[in-house]
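The values are calculated or read from the model by the stated rules, or taken from the named source; none is laboratory data. Note that the coordinates shown come from a computational prediction; the quantities given were computed from them, not determined experimentally. Heads up, the Cβs are rebuilt from the backbone with ideal geometry, glycines too, and the neighbour counts pull from every protein chain shown.
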Amino acid sequence: MKTEFHPDLNKKLIKLINTSESLYGTDAGKDDRCLDAEGLFRKFVYHCSTLDYLLKKTPSPLNNGHHFIDYASMISIIRSAFESAMSFIFIFNIPENKEELDFRYLLWLYNGIRQLTKEEPILDEN
């Protein structure tokens, strides 16, 4: 039995992928936010593509002829897709003015940089 997204959703996913692919090589100008928005959009689209692939069942390397749906991976990917979509909406769609957009964008950037540069605790080996 082949499991897949609803055919209309597959068509929409293909449109999203085509939109994402058409952005390659586009000059972002002076504003890096354009590139970050594109990155969040791409991340969402690729996660949805992965879900579509995983729904078609994966052949097991341990048992010939056995196929399975990896629900644990799908749950993780769904969470990541949701986070990308919510970040995109929160930063780029909800703000009512440029100052609010700037604030949300800089807060998002700062949080990402802070997490990347967070120092690991030093444990005493004694």
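Name the residue, out of Ile113, Ile89, that is at pLDDT below 85, β-branched (Val, Ile, Thr) and either surrounded by fewer than 15 Cβ atoms within 10 Å (Cβ to Cβ) or within 21 Å of Leu16 (Cα to Cα) (or both). From the options Ile113, Ile89, the qualifying one is Ile113. Whenever a residue of segment 89-112 is on the phi < 0 side of the Ramachandran plot, its partners that are among the β-branched types (Val, Ile, Thr) and assigned to a helix (DSSP H, G or I), lying with C-beta atoms within less than 6 angstrom and at least six residues away or across chains, give the pairs Arg104/Ile91; Tyr105/Ile91; Trp108/Ile91.
Within segment 1-23, residues that are closer than 15 Å to Leu54 by Cβ have Cβ atoms under 8 Å from residues that are at pLDDT 75 or above and among the acidic types (Asp, Glu) in these pairs: Glu4/Asp52; Phe5/Asp52; Asn10/Asp52; Leu13/Asp52, counting only partners at least 6 apart in sequence or on another chain.
For segment 28-65, residues that are assigned to a loop (DSSP other than H, G, I, E, B) and of a type in the set (A, V, I, L, M, F, W, C) total 3. Among the residues of segment 53-65, is any closer than 24 Å to Phe82 by Cβ, surrounded by 14 or more Cβ atoms within 10 Å (Cβ to Cβ) and in contact with a helix residue (DSSP H, G or I) (Cβ under 6 Å, 6 or more places away or on another chain)? Yes: one or more hits.
To keep it simple, each residue is scored yes or no on (1) at pLDDT 75 or above; (2) under 16 Å from the mean Cα position of the chain (by Cα).
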site	(1), (2)
Phe5	no, no
Glu21	no, yes
Lys30	no, no
Phe41	yes, yes
Thr50	yes, yes
Leu55	yes, no
Phe68	yes, no
Ser73	yes, yes
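Among the residues of segment 51-88, those that are in contact (Cβ under 8 Å) with a residue 24 or more places away in the chain and closer than 30 Å to Tyr110 by Cβ comprise Ile77, Ile78, Ser80, Ala81, Ser84, Ala85, Ser87, Phe88.
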